[in-house]
Amino acid sequence: MKEVVRTEAAPAPFQGAPYSQAIKANGFVFVSGQLALEPGHTELMGGDITGQTEQVFKNLRTILEEAGSSLDRLVKTTVFLQSLGDFAGMNEVYARHVGSAPPARSTVEVAKLPSGALVEIEAIALV
């Protein structure tokens, strides 16, 4: 059985697209890719890679907490970067948020992200 996770404290699905912020199922929470958006805003926050990554982690934390989880329960993340040249800046912020037992991770460079975002991160965590 799956349960939709929804909080007003994190951005709604991008441009009303048909997806959930997260889904809880079988002891896991699957968080959709998060951009550097604040709830109710359509413009990206934090102009550079570090600022955008900070906002992404704020969104991830909020959604995970709504699902009864937390950043320290992450088991897998996928990081999408507009440019691998931003890897070091993203990684510096990422390391501060995932602690001493970081999750498994994939990082890929993509041709384009919504709204010109520099980073998008999706996550899987234990509930």
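When the accessible area of the chain is computed with all protein chains present and a 1.4 Å probe, what percentage of it is carbon and sulfur?
54
For SER83, neighbours were defined as the other residues whose beta-carbon sits under 15 Å from its Cβ, and their charges (Lys and Arg +1, Asp and Glu -1) total -3.
The charge dipole of the chain, taken about the Cα centre with unit charges on the Cβ atoms of Lys, Arg (+1) and Asp, Glu (-1), comes to about 400 debye, rounded to the nearest 20. Residues in the chain average 51 Å² of solvent-accessible surface per residue, probe 1.4 Å, ligands and nucleic acids excluded.
In the set (1) 53; (2) 48; (3) 82, the label that goes with percent of Cα pairs over 17 Å apart computed for this structure is (1). Here the range 82-96 and the range 1-52 have alpha carbon centers that stand 20 Å from each other. Farthest towards the positive end of the charge dipole of the range 1-109, among the residues GLY27, PHE80, ALA10, is the Cα of GLY27, using unit charges on the Cβ of Lys, Arg, Asp and Glu. Taking each residue as 0.36 nm, the span from VAL127 to TYR19 lengthens on full extension beyond its C-alpha to C-alpha distance by 36.9 nm. Taking 7 Å steps out from each Cα toward its Cβ at LYS76 and ARG6 produces label points 2.7 nm apart.
The values are calculated or read from the model by the stated rules, or taken from the named source; none is laboratory data. Keep in mind that what you see is a predicted model, and the values were worked out from it rather than measured. For neighbour counting, all protein chains shown are included, and Cβ atoms are generated from backbone atoms with ideal geometry for every residue, glycine included. Accessible surface areas use protein heavy atoms only, side chains included; no ligands, DNA or RNA. Shrake-Rupley method; radii C 1.70, N 1.55, O 1.52, S 1.80 Å.
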